[in-house]
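Structure, as structure tokens:
The values are calculated or read from the model by the stated rules, or taken from the named source; none is laboratory data. As the structure is a computational prediction, the values presented were derived from the model and not from experiment. When we count neighbours, we look across all protein chains shown, and the Cβ atoms used for this are built from the backbone with ideal geometry, even at glycine.
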Amino acid sequence: MDITAIGEVLIDLTQQGLDEAGIPRFAANPGGAPANLAVAAARLGASTAFIGRVGQDAFGAYLRRVLTEQRVDISGLAADPLEPTTLAVVMVDHTGERSFTFYRDPGADTRLSREQLPTALLLSTRCLHFGSISLTAEPSRDATFFAVRTAREHGAIISYDPNYRAALWPDEATAVRMMKEPLSLVDVLKVSEEELPLLTGTDDLDKGASLLMAQGIRVVFITLGPRGAYYALRDGHGLAPGVSCTVADTNGAGDTFFGAALSRLMRLPSLDALTLPLLRDIAAFSNRAASITASRHGAIPAMPSLAEVEA
């Protein structure tokens with residue numbers, strides 16, 4: 001397996017405009033950052049798997065079907081008999097920017113435990129990817145750290161996307177502490193420019209990337225919205241300009257970017273083969289993929305195929 005993602009898969013109840021009476025319309029889109037990434041990478045040619053937990057309900061069955069249809073291995077996706085599939089209500093403003101409300105206290109995704117992890121998959125995957133949402137509650141936090149350490153000990157590349165969702169943390173200080181805790185285990189990091197100061201204390205891209213790489217991270221991406229993406233290795237850094245598009249919905253664009261980047265990194269024999277020119281090309285490819293997602297509604301339904309990105 002090229003990439004195994006662990007964490008949340010959920011329903012994004014995403015605003016789709018207003019009806020004639022001015023009442024918001026919502027679509028039940030499949031979502032969850034790690035699941036989004038697994039789909040994005042699969043659409044772009046990587047073999048991917050997902051580890052997580054959904055409810056024994058209609059939404060859970062729907063999510064299982066979606067991931068299967070997208071060629072994501074779901075042998076590590078369990079059904080919880082007690083808690084429902086997690087919901088995120090996504091409101092979209094006139095610029096396409098999102099705000100989130102979660103129905104998840106608890107939700108099925110938080111109940112993933114280390115005993116439910118597919119050991120064979122953790123031992124064989126080339127890359128294990130996770131985000132910070134699964135660190136917000138137990139036992140999913142313990143399961144995530146166990147999976148990361150197990151895969152890392154068996155030679156996997158570890159990738160991390162510390163999505164900050166304030167509503168899921170008791171306070172910002174707790175969020176920052178927990179989001180920073182895994183950094184020493186990470187090889188490839190994607191962070192948004194809004195989240196960079198939370199992890200590093202600075203909004204300066206060069207300084208922030210240097211502080212992150214000082215903790216052992218080998219590849220850093222900092223997404224900059226329409227301005228593109230900053231990328232860094234120990235031997236240099238650069239900026240890949242954004243790709244112009246008419247924004248419909250930014251939900252899933254960052255996951256598409258990172259999924260695209262990881263799909264390209266998996267083409268290399270190892271991270272030792274990565275050079276700064278190659279990383280520049282990877283960032284440019286990932287920007288193109290993300291721009292296509294941002295031009296459409298939803299997250300998973302909006303993600304492009306390899307042919308679309310390479311057109």
Out of the residues in segment 40-80 meeting the condition of being outside any strand (DSSP E or B) and charged (D, E, K, R), tell me which one is farthest from residue 264 (Cα to Cα).
57
Please name all residue pairs, on different chains or six or more residues apart, with Cβ atoms under 9 Å, provided the first residue is in segment 7-28 and is without any contact (Cβ under 8 Å) to a residue 60 or more places away in the chain and of a type in the set (Gly, Ala, Ser) and the second residue is part of a strand (DSSP E or B) and surrounded by 15 or more Cβ atoms within 10 Å (Cβ to Cβ).
17/92; 28/11; 28/12; 28/13; 28/14; 28/87
Tally time: how many residues in segment 236-256 are in contact with a strand residue (DSSP E or B) (Cβ under 6 Å, 6 or more places away or on another chain), outside any loop (DSSP other than H, G, I, E, B) and buried (at least 22 other Cβ atoms within 10 Å of the Cβ)?
2
Quick one: which residue in 99, 132, 75 is small (Gly, Ala, Ser), in contact with a strand residue (DSSP E or B) (Cβ under 8 Å, 6 or more places away or on another chain) and modelled with pLDDT under 95?
99
In this structure, is residue 292 in a helix (DSSP H, G or I), in contact (Cβ under 8 Å) with a residue 40 or more places away in the chain and surrounded by fewer than 24 Cβ atoms within 10 Å (Cβ to Cβ)?
yes
Could we say that residue 300 is surrounded by 22 or more Cβ atoms within 10 Å (Cβ to Cβ) and touching a helix residue (DSSP H, G or I) at 6+ places or on another chain (Cβ under 8 Å) here?
yes
Scope segment 158-196; condition under 20 Å from residue 99 (Cβ atoms) and not hydrophobic (A, V, I, L, M, F, W, C); matching residues:
161, 162, 163, 164, 165, 170, 171, 172, 192, 193, 194, 195
